[in-house]
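Working notes, structure below.
Laboratory data are not the source of any read-out in this text; all were calculated from the coordinates shown. If you're wondering where the values come from, they're calculated on a predicted model, not measured in any experiment. Quick reminder, even Gly has a Cβ in these numbers, built from the backbone with ideal geometry, and neighbours come from all protein chains shown.
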Amino acid sequence: MIDASLRVLRTDVAGMPIEWIGFEEAVRLHCLDQILYPMGSVLYHVHGGINARSGEQSTLAIHSIICTAGQSRAHLKRLPSYAPPLNNSTLFRRDANLCLYCGDQFRNTDLSRDHVEPLSKGGRDIWQNVVTACKRCNHHKGSRTPEEAGMQLLAVPFVPTHAEYIYLSGRRILADQME
């Protein structure tokens, strides 16, 4: 039985992490001959059909890290203008599930995205302007800046690097994927 929660780290030819993929996508890339080489431990053994001539069943080993063919985009991820996609689950992980106003830790369902400079006042929905806030603190702050609401930020919002983003977006990261 396959534990679908284990993800495969896909890298480019330079070894730069690209994304987390499921075993189905890893199998697809293997069938398209897009995998240059596997690294790390074997996560899955996927069994295919039976060969009519040999009578043997095909088996494919899916490793925890796969290096894929294609042009390296590593240089693009290092540009000063690069910003990974912003979404709540990654934002909450960036801020360690802490409300950056009261400092308490919450489950994702009890958190919200707060715009330090409110959208209604020209603030933007970008990493540098958003923090994790509990719903109570976000409601109290409303459409005001922290200063106007008499609140203080516990940390400065920042843009994660591409490598930090890949780490933040992973669910369960294995030891060999951390290297």
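Structural remarks
- Cα point-scatterer Debye curve for the chain, base-10 log of I(q)/I(0) at q = 0.19 Å⁻¹: -1.16
- Here r is the Cβ-Cβ distance between THR109 and TYR82 and R0 is 30 Å; the resulting FRET efficiency, rounded to 0.05, is 0.50.
- Point-to-point label distance, LEU32-ARG136, nm (Cα→Cβ direction, 7 Å offset): 4.9
- Cβ-Cβ distance of VAL13 and GLU148, R₀ of 45 Å, FRET efficiency by 1/(1 + (r/R0)^6): the value works out to about 0.35.
- Packing around the peptides 37-43, 104-110, taken as the average count of other Cβ atoms within 10 Å per residue, puts them in this order, highest first: 37-43, 104-110.
- The charge dipole of segment 88-159, taken about its Cα centre with unit charges on the Cβ of Lys, Arg, Asp and Glu (plus for the first two, minus for the last two), comes to roughly 160 debye.
- Check: the chain dipole with +1 on Lys, Arg Cβ and -1 on Asp, Glu Cβ, in debye: 340
- Rg/Rg_globular for segment 88-159, with Rg_globular taken as 2.2 N^0.38 Å and Rg from C-alpha atoms: 0.97
- Each part gets one Cα centre, and for segment 97-135 versus segment 14-69 those centres are 39 Å apart.
- Cα lying deepest toward the dipole's positive end in the chain, options LEU91, ASN51, SER112, charges on Cβ: SER112
- Charge tally in the Cβ shell below 10 Å around LYS121, where Lys, Arg are +1 and Asp, Glu are -1, LYS121 excluded: -1
- Calculated FRET value between SER89 and GLN57, using beta carbons and R₀ = 45 Å, to 0.05: 0.70
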